[in-house]
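To keep things clear, I will list the structure first and then write my remarks on it.
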Amino acid sequence: MKKFLLRCINCGREYAPDEVEYTCPVCGDRMGTLEVIYDLELLKGAVKREDFHPFSLRGIWQFEPLLPVSEGGWRPPLLVGNTPLYDSARLAKRYGLNKVYVKDDGRNPTASFKDRASAIAVVKAMEKGYGTIFCASTGNAASSLAGLSAASGLNCYIFVPASAPEAKLTQLQVYGANVVPIDGSYDQAFDISMIIGFEENWYCRNSAINPYLLEGKKTGALELAVQLGWELPDFLFVSVGDGTVLSSFYKGFMDLKGIGLIDKIPTIVGVQAEGADAIIRAYEKGKPFEPDDIQASSVADSISVGKPRDFLKACTYTEKNNGLFVRVSDEEILDSIIELARETGVFAEPAGATAFAGFKNLYHKGFFSQSTSVAIIITGNGLKDLKTPLKVLEPLKKIPAEPDKVREAIKRGC
Ligand SMILES: *Cc1c(COP(=O)(O)O)cnc(C)c1O
Ligand SMILES: [Zn+2]
């Protein structure tokens, strides 16, 4: 096992990996999230740019030297990562920028970015000898863990709000997960999962509780750097719920910088829905960062989080790296789903399109110039939620099965 230690983001206490399973015992679950710290000096000599490829048949496991898993150990037989990065000439032209890159993480095996974290979670569960794993989720961590567990032969329990989009709930049942649909919010499902999961001694794949998830998500940043030939964009946009994905991009770039593979971290912009802006509220109040929980409401179900679990890392990393936050309205999110699909062919679920909405929001505020390059991370596939885009689309009208009627309808523009 390569050397790493766990460090509390709040108090800085350090632990050996076999000393604590989840969070800092002194600071507790909410404040005491742990960072995985590697011996960067050791890695500096051992890891080179040429070791990594824009496309690898191993997916995220090509980054094994930078991940907290045993070298050459068991891996789940599903290809995670390797998602396409598009250089969108049409968006660059439309917005007058140098480059607009779109990374489509909806192309993961269960169709969201969460597969990067679930892949690590099932490996850790196996390494530690657990037979059952659980999580609470707005929907994607759930379907992702269900899929990765199925591939791994692990038993899983999934606590979700019963209001999660149908496609995500169906994924769970199809993958054979034990589904616990809670008549309440994600935040309630999370708190209940923590009680039951620990009573049962199942392995916990909950955001910010399990320190290794973020390391899996970090592969999004590593992959982006490799796919761009190590030339990172000026700005990077990512949507924010619990704050783990955002933190993982910082962590990925900080690790790469720490071992000398990049020298500059892009300006990362965390995008939240107006009705679910708990991390931005905490950030705006300044240090020492404290949670400012709310009752969340947004069309973007995956980021409809009122009690964000990784808020402290998200705020700490953003401050340390001079990052930005922006809020977008549900209307901006809905428009962004349609525009992104029509300009790039990438159909994003609402939380995925939220990153694009954040980009457009800053564009309209005059943030960019002709020489600016940006990357937009699309975290989930549009087929996950077919109801939400219908809010802004014209309902289809049936046409009688007669050529004349069809001709007329086409003339009218259907
Ligand atoms: C989970 C999720 C996010 C946000 O990730 P957090 O780590 O909760 O901030 C964004 N988009 C999609 C599609 C997600 O499933
Ligand atoms: Zn602590």
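The values are calculated or read from the model by the stated rules, or taken from the named source; none is laboratory data. For clarity, every value in this text was computed on a predicted model and none was experimentally measured. Using ideal geometry, Cβ is built from the backbone for each residue, glycine included, and neighbour counts are taken over all protein chains shown.
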Query raised in the report: Could you say which residue among Gly45, Gly59, Gly72 is away from ligand 2 (no atom under 16 Å from the Cβ), closer than 24 Å to Pro211 by Cβ and at pLDDT below 95?
Result: Gly72
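Any residue that is part of a helix (DSSP H, G or I) and within 16 Å of ligand 1 (Cβ to nearest atom) - is there at least one of those in segment 46-57? Steps first, answer last, please.
At the first step, the residues of segment 46-57 found to be part of a helix (DSSP H, G or I) are 46, 49-51.
Right, trim to within 16 Å of ligand 1 (Cβ to nearest atom) and you get none.
No: segment 46-57 contains no residue that is part of a helix (DSSP H, G or I) and within 16 Å of ligand 1 (Cβ to nearest atom).
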Query raised in the report: Can you tell me which residue in segment 198-250 is surrounded by the most Cβ atoms within 10 Å (Cβ to Cβ), limited to those that are in contact with a strand residue (DSSP E or B) (Cβ under 6 Å, 6 or more places away or on another chain) and of a type in the set (S, T, N, Q)?
Result: Ser239
Query raised in the report: Which condition number does Leu42 fail, the rest of (1) exposed (fewer than 14 other Cβ atoms within 10 Å of the Cβ); (2) of a type in the set (A, V, I, L, M); (3) in contact (Cβ under 8 Å) with a residue 24 or more places away in the chain; (4) under 26 Å from Ser207 (Cβ atoms) being met?
Result: (4)
Requested in this report: Determine the pairs where a residue that is within 16 Å of ligand 1 (Cβ to nearest atom), located within segment 6-22, has a partner that is modelled with pLDDT of 95 or more and among the polar types (S, T, N, Q) with Cβ atoms under 8 Å apart, the partner being 6 or more residues away or on another chain.
Outcome: Ile9/Thr33; Ile9/Thr316
Query raised in the report: Within segment 67-103, can you find the residues that are within 23 Å of the chain's Cα centre (by Cα) and hydroxyl-bearing (Ser, Thr, Tyr)?
Result: Thr83, Tyr86, Ser88, Tyr101
**Report entry** Answer from Leu214, Leu154 - the residue that is within 16 Å of ligand 1 (Cβ to nearest atom), within 27 Å of Gln62 (Cβ to Cβ) and either in contact with a Ser or Thr (Cβ under 7 Å, 6 or more places away or on another chain) or not charged (D, E, K, R) (or both)
**Finding:** Leu214
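Restricting attention to helices (runs of 4 or more DSSP H) lying wholly within segment 72-153, give those where 2 or more residues are closer than 29 Å to Ser185 by Cα and in contact with a strand residue (DSSP E or B) (Cβ under 7 Å, 6 or more places away or on another chain). Walk me through how you get there before you give the answer.
On the way: elements: 89-95, 115-128, 140-152.
Where helices (runs of 4 or more DSSP H) fall fully within segment 72-153 and carry at least 2 residues being closer than 29 Å to Ser185 by Cα and in contact with a strand residue (DSSP E or B) (Cβ under 7 Å, 6 or more places away or on another chain), they are 115-128, 140-152.
Considering only helices (runs of 4 or more DSSP H) fully contained in segment 251-365, which possess at least 1 residues that are within 11 Å of ligand 1 (Cβ to nearest atom) and under 16 Å from the mean Cα position of the chain (by Cα)? Steps first, please.
Details: elements: 278-285, 311-320, 330-344, 350-364.
The qualifying helices (runs of 4 or more DSSP H) are 278-285, 311-320, 350-364.
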Query raised in the report: touching an Asp or Glu at 6+ places or on another chain (Cβ under 6 Å) and either touching a residue at least 40 places away in the same chain (Cβ under 8 Å) or away from ligand 1 (no atom under 16 Å from the Cβ) (or both), is that true of Leu91?
Result: yes
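With respect to Ile195, determine if the residue is surrounded by fewer than 22 Cβ atoms within 10 Å (Cβ to Cβ) and β-branched (Val, Ile, Thr).
Values: surrounded by fewer than 22 Cβ atoms within 10 Å (Cβ to Cβ): yes; β-branched (Val, Ile, Thr): yes.
Yes; evaluated as a whole, the condition is true for this residue.
Would you check if Val20 is surrounded by 12 or more Cβ atoms within 10 Å (Cβ to Cβ), within 16 Å of ligand 2 (Cβ to nearest atom) and modelled with pLDDT of 95 or more? Full working, then the answer.
Values: surrounded by 12 or more Cβ atoms within 10 Å (Cβ to Cβ): yes; within 16 Å of ligand 2 (Cβ to nearest atom): yes; modelled with pLDDT of 95 or more: yes.
It is true that Val20 is surrounded by 12 or more Cβ atoms within 10 Å (Cβ to Cβ), within 16 Å of ligand 2 (Cβ to nearest atom) and modelled with pLDDT of 95 or more.
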